[in-house]
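Have a look at the structure below, then the notes.
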Amino acid sequence: MKRRGFTLIELVMVIVILGILAAMVLPRFIDLQSKARESASKGSLGAIRAAVAVTYASNAAYGDTTPIPTNVTADMFQDSTVPTEPISSSTVITLLTTPPGETGSGWRYDSVNGRVWVNSSDYSTW
């Protein structure tokens, strides 16, 4: 009489192979959430910089002597909303008084030259 089924050795080999595959794939997905937040921050930062550039161009076209905006406000954006910084979930844009990334959250804006940064030391890697 033949018995149908798997032997213990066959089952152990399948489990070992699945374990090896999981060990190869898992490290790729570990920091996926932090990379997604970083990409979202870069996109939001680009939107803020674009709003500053458009306001600068509008001010310069109308002959304003100081075309760089003195502050970033919600009305500079098409949907009247400042983009959110993903780690702190802040939409606050503070004027530059100290180097970017020192303290605080949200965005940091330099009204002298129109530059914008993420105001968080959590982004020190890029």
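Laboratory data are not the source of any read-out in this text; all were calculated from the coordinates shown. As the structure is a computational prediction, the values presented were derived from the model and not from experiment. When we count neighbours, we look across all protein chains shown, and the Cβ atoms used for this are built from the backbone with ideal geometry, even at glycine.
What to note about this one:
- Between residue 92 and residue 22, the simple label model (points 7 Å from Cα in the Cβ direction) yields a spacing of 4.3 nm.
- Listed values for the range 80-95 are Karplus-derived 3J(HN,Hα) couplings in whole Hz (6.51 cos²θ - 1.76 cosθ + 1.60, θ = phi - 60°), namely 6, 9, 6, x, 7, 7, x, 6, 9, 6, 9, 10, 6, 10, 9, 6, and x replaces Gly and Pro.
- From its DSSP helices (H runs of at least four residues, each -39,500 (n - 2.57)), the chain gives a residue-normalised ellipticity at 222 nm of -15000 deg cm²/dmol.
- The angle separating the long axis of helix 8-30 from the principal Cα axis of greatest extent in the chain is about 10 degrees.
- Residue 58 paired with residue 32, simple spin-label distance in nm, labels 7 Å along Cα-to-beta-carbon: 4.0
- Under a 5 Å amide H cut-off, with hydrogens placed 1.01 Å from N, residue 115 pairs with 110 among residues at least 5 apart or on other chains.
- The angle between the Cα long axis of helix 32-61 and the main principal axis of the chain comes to about 20°, on a 0 to 90 degree scale.
- 37, 3, 108 arranged by Cβ crowding within 10 Å, fewest neighbours leading: 3, 37, 108
- Counting every C-alpha pair in the range 35-123, the share spaced more than 18 angstrom apart comes to 41%.
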